[in-house]
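The structure appears right after this line, and notes come after that.
The values are calculated or read from the model by the stated rules, or taken from the named source; none is laboratory data. Worth saying up front: this structure is predicted, and the values here are computed from it rather than measured. Cβ coordinates were reconstructed from backbone atoms using ideal geometry, including for glycine residues, and neighbour counts include every protein chain displayed.
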Amino acid sequence: MASEKHFKYVILGGGVAAGYAAREFDKQGVKPGELAIISKEAVAPYERPALSKAYLFPQNPARLPGFHVCVGSGGERLLPEWYSEKGIELILSTEIAKADLASKTLTSATGVTFTYEILLIATGSTVINLSDFGTPGADSNNILYLREIDDADKLVAAMQAKKGGKAVVIGGGYIGLELSAVLKLNDIDVTMVFPEPWCMPRLFTADIAAFYEAYYANKGVKIVKGTLAVGFDANANGDVTAVKLKDGRVLEADIVVVGVGARPLTALFKGQVAEEKGGIKTDAFFETSVPGVYAIGDVATFPMKMYNELRRVEHVDHSRKSAEQAVKAIKGKESGESVPEYEYLPYFYSRSFDLSWQFYGDNVGETILFGDSDPTSAKPKFGSYWIKDSKVFGAFLEGGSPDENKAIAKVAKTQPPVANLEELKKEGLQFASKI
Ligand SMILES: Cc1cc2nc3c(=O)[nH]c(=O)nc-3n(C[C@H](O)[C@H](O)[C@H](O)COP(=O)(O)OP(=O)(O)OC[C@H]3O[C@@H](n4cnc5c(N)ncnc54)[C@H](O)[C@@H]3O)c2cc1C
């Protein structure tokens, strides 16, 4: 017989936002049995960015329980025992297949129903799959994607099975760049393929990209730009053997890793809640158009006060902060205490090889590049400012110290005026340090 369980608060999804929300619920006070996390994954919430970085290192790779939330932001590591001690129910390996917001009921793929008073939607994103476009051969073996820990384990197994082999990485975003680097560190011959004129085009300027592409080339990563994968060849076992490109070239491959983007998992709620810009529309407290239903992390399209615009953000820092904001708002409503609106400064980072960059603010307007962006330097350190309406809107820094990164964050937040772009270029990091 199908069973039914009731909780005061349910967090649907067990990723980064779910973990940080659970910690905030505990801080604000929940009674044992009041809160449940329902997750398709088999493990307690963890810091997802580790999957494309330390998890794939050839030596001393990160493994659970080492990177459960909230270590990624310097907080306490919430082990599965933490949840049981607090009386928070972790309902793992459970996929919700149906959501009915009117009757406040979630139904799992195996027919278990969960009812709630308050729901936090934290379903995150899923990868865009080449099979969805009907690319011939896209379901061959060893064509891999990366979103969850199971995907990372498949990649680890493929790298071990194909040691010294060839990988083609499809996509030139940060996932493509991080994965190309770790594949190379695992002694695999790597070729990156992407259609744009340079890598990370959504953020990088041509100047910034030129540094990373040259750095990667020096490490032996080959880069094929301006073309697409249009098909795959496989052998009799169904294992991928080659990638066919639109420009007619064919690249041999033992492993293909695809990083061509993600889309928010909102399908369960279609037609039941207001949507905007591909996500679930929320107010500054992450409450949706349905009272008592909140959306946090990658799925939320929220008012970004700084730019007076509704935006959706797929970055870990926002998933943590939106989770905390929503829980404070839920608890504030109960106690009658008012909570300030969400004030978010966009922040994004990536790490690969010995490189590490941070970006704050908005990448709009004119840009200037400063510092040492010679890819052969022993310790390259350079950055970029984005200037709009004679003010700095965005700041990027490669190789910065913690204090220097704090300085560029402050610049992006305070948006100081810029009188002269040439002067700004000359001053470089100094400009940020004196703000
Ligand atoms: C490999 C990788 C590397 C990344 N690196 C960086 C980085 O360096 N810097 C950065 O800023 N950001 C990075 N990100 C992005 C960041 O991890 C996400 O923005 C963040 O995880 C979003 O948190 P979330 O809680 O909204 O979603 P997620 O962390 O994706 O969690 C969603 C959870 O919901 C579960 N779920 C979904 N649907 C259902 C359902 N129907 N039933 C039950 N459970 C369900 C999923 O299984 C998952 O557990 C990276 C992402 C990936 C995949």
- Query: Quick check: is even one residue across the range 88-108 within 24 Å of the chain's Cα centre (by Cα), within 10 Å of the ligand (Cβ to nearest atom) and either over 19 Å from Leu12 (Cβ atoms) or among the hydroxyl-bearing types (Ser, Thr, Tyr) (or both)?
  - Reply: yes
Checked pairs for the range 284-304, first more than 16 Å from the ligand (Cβ to nearest atom), second part of a strand (DSSP E or B), C-beta under 6 Å and 6 or more apart or across chains, list as Ala284/Pro303; Glu287/Tyr294; Gly292/Ile118; Pro303/Leu310
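Condition check ((1) aliphatic (A, V, I, L, M); (2) surrounded by fewer than 22 Cβ atoms within 10 Å (Cβ to Cβ); (3) more than 9 Å from the ligand (Cβ to nearest atom); (4) at positive phi) across all residues:
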| position | (1), (2), (3), (4) |
| --- | --- |
| His6 | no, yes, yes, no |
| Ala22 | yes, no, yes, no |
| Val30 | yes, yes, yes, no |
| Glu34 | no, yes, yes, no |
| Pro65 | no, yes, yes, no |
| Glu81 | no, yes, yes, no |
Across the range 117-134, the tally of residues that are in a loop (DSSP other than H, G, I, E, B) and crowded, with 20+ Cβ neighbours inside 10 Å stands at 3
Being touching a residue at least 60 places away in the same chain (Cβ under 8 Å) and acidic (Asp, Glu) narrows Glu95, Glu4, Glu34 down to just Glu4
Just one listed residue, out of Val273, Val290, Val243, is assigned to a strand (DSSP E or B) and crowded, with 17+ Cβ neighbours inside 10 Å, and it is Val243
Expected single match for buried (at least 17 other Cβ atoms within 10 Å of the Cβ), on the phi < 0 side of the Ramachandran plot and basic (Lys, Arg) among Lys219, Lys225, Lys166 is Lys166
Residue check, Asp132 without any contact (Cβ under 8 Å) to a residue 60 or more places away in the chain, more than 12 Å from the ligand (Cβ to nearest atom) and in contact with a helix residue (DSSP H, G or I) (Cβ under 6 Å, 6 or more places away or on another chain)
no
Checked Gly271, Gly248, Gly297, Gly292 against criteria (over 25 Å from Phe7 (Cβ atoms) and either modelled with pLDDT of 95 or more or among the β-branched types (Val, Ile, Thr) (or both)); the one match is Gly248
Reported set for the range 246-270 where residues are farther than 30 Å from Leu120 by Cα and loosely packed, with under 14 Cβ neighbours inside 10 Å is Lys246, Asp247, Gly248, Arg249, Val250
Residues of the range 170-188 being hydrophobic (A, V, I, L, M, F, W, C) and either in a loop (DSSP other than H, G, I, E, B) or within 13 Å of the ligand (Cβ to nearest atom) (or both), in sequence order, are Ile175, Leu177, Leu179, Ala181, Val182, Ile188
Pairing a residue in the range 48-59 that is more than 8 Å from the ligand (Cβ to nearest atom) with any residue that is basic (Lys, Arg) and part of a loop (DSSP other than H, G, I, E, B), where Cβ atoms lie under 9 Å and the two sit 6 or more apart in sequence or on different chains, gives Tyr55/Arg63
